[in-house]
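Student: Questions regarding the structure given below will be posed in turn.
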Amino acid sequence: MTTITLTITPLIVPTALEDDDGAEFRAYGELNRLICDEAVGLPDIAPDAAQLLASWRDPTDTLCTGFVARHGDEIVGMITIDYPQEEDAQAAEVDLMVPERHWGRGVEDALLSLAESEARSHGRSLVQTWTLHRPLETERMIAPRTGWGRIPATALSDVLTARGYDFEQVERNSEFDLRSDPAPVRAALEAAEAAAGADYRVLQWMAPTPPMYRDGYAAILARLSTDAPSGDMDFVAEVWDADRVVRRERRLTGAGQALSIVAVEHVPSGTIVAYNELLVGADRTSITHQLGTLVSSDHRGHRLGTIVKCANLLRWRENMPLSPAVSTFNAEENRPMLSINEALGFRAVSYAGAWQKRL
């Protein structure tokens, strides 16, 4: 391997993208999309710089940091390191971005070494990262420790393995064609609502969440960090309240995005027990991202997952008719949710690998 001389500096975070010091952050957004395009041919799964900036400007719940690697004046790679701010958080979440033309020149190892050093200096004992993979069968397929799913090895997965990262989990990235016939979705919703019965009712709103729902919504969001299948990935239990809901939605919609939430309330207890979220950028012709979907563990078996997904998909068609598809990620071992997706017409378009290393 031929290494090149690098200069690595902290990523400058501007107050606004159009500011004189916004060039690096704009380049970060462009590089993020390029990496997703090169890896799996899906640049739209990456948020743009405007969508990213709001999260970087508010460190209350997650501290976002980054570094830029240059060879001369040319940017040859970047790495971001996020630190969840829960009191007992031990992980740093890393995203390595090195374009194909600069791979194998020492950039990836230099940035990963820096990220691990930074994580230690922030008191973290664990580094977590994710890799993207095409839905292909190749001569070198790798399987996670969960035993669910497998993905083709890549240059990045080889580097992570060599550096002592454990391959923990496969997530399937699926897309739903919003231009397809909605009749099967309506039929699935009607059948699921009949099966659930009168103890459950559908709630739906566009962000910002109305004050009367914030506490209940916060409670179900908190359960995503503990109830969703995550293999042996070490995720801290997140602490949520109404104020955090407000902060999150301010970040998610700060660049003109639209966020739709459909939830299910358990009528006898008055608690929110399931939810689904759909988000689209300021460009309403772009891909829609499904963020969270969860059914509380003590209310599973009532087809509530089908209800929140179908209700939101049907509502989204009316509110965002120009968005062509919904993209979502689900753990391969999350068979109940994948079965719902498959029945509705979601198809696999890529995969992600979850990795972690104890420092």
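The values are calculated or read from the model by the stated rules, or taken from the named source; none is laboratory data. The structure displayed is predicted, hence computed values, not measured ones. Neighbour counts are summed over all protein chains in view; Cβ atoms, including those assigned to glycine, are modelled from backbone coordinates with ideal geometry. Side chains are part of the model used for accessible areas, which takes the heavy atoms of the whole protein and leaves out ligands, DNA and RNA. Shrake-Rupley method; radii C 1.70, N 1.55, O 1.52, S 1.80 Å.
Student: Give me the residue from the range 20-41 that is of a type in the set (D, E, K, R) and either in contact with a helix residue (DSSP H, G or I) (Cβ under 9 Å, 6 or more places away or on another chain) or touching a residue at least 60 places away in the same chain (Cβ under 8 Å) (or both) and, out of that set, surrounded by the most Cβ atoms within 10 Å (Cβ to Cβ).
Tutor: Ranking the candidates gives ARG33 first.
Student: Also: Hey, which of the strands (runs of 3 or more DSSP E) in the range 244-359, taking only ones fully inside, have at least 1 residues that are surrounded by 17 or more Cβ atoms within 10 Å (Cβ to Cβ), at pLDDT 95 or above and touching a Gly at 6+ places or on another chain (Cβ under 9 Å)?
Tutor: Values: elements: 258-266, 271-280, 288-295, 325-331, 347-358.
Strands (runs of 3 or more DSSP E) meeting the threshold: 258-266, 271-280, 288-295, 347-358.
Student: Additional query: Residue pairs, Cβ under 7 Å, 6 or more apart or interchain, first in the range 189-213 and in a helix (DSSP H, G or I), second open to solvent by 80 Å² or more (accessible area, probe 1.4 Å). List them.
Tutor: Note: pairs meeting the criteria are ALA192/ARG303; ALA195/ARG303; ALA196/ARG303.
Student: Shifting gears a bit: Have a look at TRP148, TRP130 and point out the one that is aromatic (Phe, Trp, Tyr) and either at pLDDT below 95 or on the phi > 0 side of the Ramachandran plot (or both).
Tutor: Numbers: TRP130 fails: either at pLDDT below 95 or on the phi > 0 side of the Ramachandran plot (or both).
After ruling out the rest, the residue left standing is TRP148.
Student: Report whether or not VAL246 is within 30 Å of ASP283 (Cβ to Cβ), out of contact with any strand residue (DSSP E or B) (no Cβ under 9 Å at 6 or more places or on another chain) and β-branched (Val, Ile, Thr).
Tutor: yes
Student: Among the residues of the range 159-179, is there at least one that is of a type in the set (Lys, Arg), touching a Leu at 6+ places or on another chain (Cβ under 8 Å), within 29 Å of ASP61 (Cβ to Cβ) and part of a loop (DSSP other than H, G, I, E, B)?
Tutor: yes
Student: Checking the structure you have, find out if any residue of the range 275-286 is touching a residue at least 40 places away in the same chain (Cβ under 8 Å) and closer than 17 Å to GLY216 by Cβ.
Tutor: yes
Student: Return only the number of the condition from (1) surrounded by fewer than 16 Cβ atoms within 10 Å (Cβ to Cβ); (2) farther than 30 Å from LEU126 by Cβ; (3) touching a strand residue (DSSP E or B) at 6+ places or on another chain (Cβ under 7 Å) that ALA207 does not satisfy.
Tutor: The one condition ALA207 does not meet is (1).
Student: Of all residues being open to solvent by less than 60 Å² (accessible area, probe 1.4 Å) and among the polar types (S, T, N, Q) in the range 147-177, which is farthest from the chain's Cα centre (by Cα)? Just the residue, please.
Tutor: THR154
Student: Can you list residue pairs whose Cβ atoms sit under 7 Å apart, with the first residue in the range 116-128 being touching a residue at least 24 places away in the same chain (Cβ under 8 Å) and closer than 12 Å to VAL94 by Cα and the second being outside any strand (DSSP E or B) and of a type in the set (A, V, I, L, M, F, W, C)? Count only pairs 6 or more apart in sequence or on different chains.
Tutor: Cβ pairs passing all conditions: GLU116/LEU359; ALA119/LEU359; LEU126/LEU359; VAL127/ALA115; VAL127/ALA119; VAL127/LEU359; GLN128/MET233.
Student: Separate question: Which one of these is open to solvent by 50 Å² or more (accessible area, probe 1.4 Å), closer than 22 Å to GLY345 by Cβ and in a helix (DSSP H, G or I): PRO135, PRO184?
Tutor: That would be PRO184, the only listed residue that is open to solvent by 50 Å² or more (accessible area, probe 1.4 Å), closer than 22 Å to GLY345 by Cβ and in a helix (DSSP H, G or I).
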